[in-house]
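Here the structure is laid out as structure tokens; the discussion comes afterwards.
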Amino acid sequence: MTSYKQEQLSLCIRYVKDLEVNERFICFMDVSSGRGASHLASTILTAIEKYNIHKIPLVAQSYDGANVMSGSVSGVQQKIREHYPEAVYIHCLAHKLNLVVCNTCSSIKEVRNFFNTLEAIYVHFSQPGINNELTNLLSEMKIKPLSITRLCETRWACRFKNCDAVLNNFGAIISILVREVDEGLNRDVPQAIGLLNMMKTPTFVFHLFIFHEVLKIINILSKQLQQKNTNLSNATNTINGVIKTFEEMRNIDHFSGIWDKISNFASKNDISLDIPKKSKRQRTEPYHLRDFDVTVATGAEQQLPIQCTETVDKQIQNYWRNHFYNPIVDTILSHLKLRFSEESQELAQATESFISLDFTNSLYFINHYKDLFSINMECLKSEMTVARNCAIQLSNKFGLKELKQVISKTVYPNLFKLLQVALVLPISSASCERSFSAMRRIKSWTRTTMGQERLSDLSIIHIESDLVIDKDIILNKFAENKRTLPLHF
């Protein structure tokens, strides 16, 4: 990350103590002199050795999907594996989820227009005077104000927060825009007219409700992936749960529940949900394809047959479901299954099986680390069988919590070692992203000359504030320093 003419790299470590997962910030590293894979890998290895953690087994590494970091031939992860062969690379799952949202928002024209309108609302209401009017109106209406933020691809939850803010403050926003247009006292009236027309369209209202519902589900997974104590097994379960949820959303009954909310909202705000009029000129299928059965969409506008027995309301509902709702859900599902495919999640699934003490289905995970930790396969199999039976006797349900109560380092040495590895495998680089947010607060424009060591030290104090610091040690250390100033007469 660039900070005041310097390119900074954040180093965080993840470790297990008494089967409890911890993530800690180590330092910032200045990589302004080179941002190639060789230089970045050399900087990381130097920092690992500097902080005396180079002798501790390095079992995994996690970065975003940038080629310089994730390259399998000459990327940073491959150069790190030349020194630590078992340090498997795990693509940050939080970044992968963000790519799902970004790709969905960019692949459908109507969705792009919707989020462009949200961005325009932010720009318009970021002006102090208009924002103050909105805040005062919400206070009068006794509605909790929700701030509208700038849409940014690196802010994982910004789209959901904006949809939630606009949906809950819709009436107040419309009132402010109408007042601004009626008064016509400033130069921003054309923007207000444009926003008012866009927000009163049925397409905007429909997408507002759909994406509020969709992003609410994705936000659950996003929060899960950003937790420090989350392991790869829990993350995999949540990912599968989210995919299953979207598959269930594809049915008519689920859409009917959302449609009732949209209809009530549109009726309350005097917005018509009628089928938009079609353009005079419609795109037709190419002549040379008329005698063929095509498997992909052509340039022709699709016209769904309308049953004469359907009521007008049912026809309208089916139109919005087939033309807008289903494409959005299908696009998200396809991107989720692509980014979190079974092939890419092979290690995660094997880790989940190991935590469930399934020896056969966890062999991929076991074989990868057995040499590093000198695991006896026969003993491990016996330990997993006994531990599972003990955990089941302890409680009717079997999970990680019950497993922790059963195993110990002395009785189950092989199982204990690999369980530590299973828990310590990273799922995201969210801690590094949080450290960059902290760096902006520490290295402000009034502290641009701050040295690298001082920046890292202050960042540790700020980021790892939950650690108990003995004040007496600090005061004694300060008292030992000579602070006598020479006096000149």
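The values are calculated or read from the model by the stated rules, or taken from the named source; none is laboratory data. For clarity, every value in this text was computed on a predicted model and none was experimentally measured. Note: ideal-geometry Cβ built from the backbone for every residue, glycine included; neighbour counts use all protein chains shown. Side chains included, ligands, DNA and RNA excluded: accessible areas come from the protein's heavy atoms. Shrake-Rupley method; radii C 1.70, N 1.55, O 1.52, S 1.80 Å.
For residue 5, a cut-off of 18 angstrom between C-alpha atoms picks up these lysines, skipping any fewer than 8 places away in its own chain: 443.
Phi angles of segment 439-444 translate, via the Karplus equation with coefficients 6.51, -1.76, 1.60 and θ = phi - 60°, into HN-Hα couplings of 4, 5, 7, 7, 9, 8 Hz per residue; Gly and Pro are given as x. Dipole orientation for the chain: of the candidates 255, 169, 245, 169 has the Cα lying most toward the positive pole (charges on Cβ; Lys, Arg +1; Asp, Glu -1).
Could you give the length gained by full extension between residue 480 and residue 270, i.e. 0.36 nm per residue of separation minus their alpha carbon distance, to one decimal place? Display every interim value, and only then the final one.
Values: separation 210, 0.36 × 210 = 75.60 nm, distance 7.44 nm.
Net length gain for the segment: 68.2 nm.
Filter 216/404; 370/409; 55/370; 277/337; 17/244 down to the pairs with a C-alpha to C-alpha distance above 28 Å, please. Violating the 28 Å Cα-Cα cut-off are 216/404; 277/337; 17/244.
Selection among 151, 74, 476 by position relative to the dipole of the chain gives 476 as farthest towards the positive end (Cβ unit charges, Cα centre).
Work out the charge dipole of the chain with +1 on the Cβ of Lys and Arg and -1 on the Cβ of Asp and Glu about the Cα centre, then indicate which of 209, 400, 229 is farthest towards its positive end. After comparing all options, I get 229. Along segment 320-337 the Karplus relation, 6.51 cos²θ - 1.76 cosθ + 1.60 evaluated at θ = phi - 60°, assigns HN-Hα couplings of 5, 5, 7, 8, 10, 5, 4, x, 5, 5, 5, 5, 5, 4, 5, 6, 5, 5 Hz to successive residues, with x for each Gly and Pro. What's the center-to-center distance, using Cα atoms, between segment 242-276 and segment 309-346 in Å? Their Cα centres are 12 Å away from one another. What a 1.4 Å probe finds exposed on the chain is 52% carbon and sulfur by accessible area, rounded to a whole percent. Ellipticity at 222 nm from helices only: DSSP H runs of n ≥ 4 in the chain, each -39500 (n - 2.57), divided by the residue count, give -17500 deg cm²/dmol.
Output the Kirkwood hydrodynamic radius of segment 98-254, Cα pairs only, in Å rounded to one decimal. Walk me through the numbers on the way to the answer.
Values: mean 1/r = 0.0581 Å⁻¹.
It is 17.2 Å.
Solvent-accessible area per residue in the chain equals 57 Å², computed with a 1.4 angstrom probe and all protein chains kept. The HN-Hα couplings worked out from phi for segment 419-431 by the Karplus form 6.51 cos²θ - 1.76 cosθ + 1.60 (θ = phi - 60°) are 5, 4, 5, 4, 7, 8, 4, x, 10, 7, 10, 5, 5 Hz, whole numbers, x standing for Gly and Pro. Gyration tensor analysis over the Cα atoms of the chain returns equivalent ellipsoid semi-axes of 48, 35, 22 Å (largest first, whole Å).
Taking all Cα pairs closer than 8 Å and separated by 6 or more residues, the relative contact order of the chain comes to 21 percent. Near residue 12, the amide H atoms lying under 5 Å from its own belong to 26; only residues 5 or more places off or on other chains count, and H is placed 1.01 Å from N. For segment 15-41 versus segment 418-445, the inter-centroid distance based on Cα atoms is 9 Å. Between the Cα long axis of helix 170-183 and the first principal axis of the chain there is an angle of about 60°, rounded to the nearest 10.
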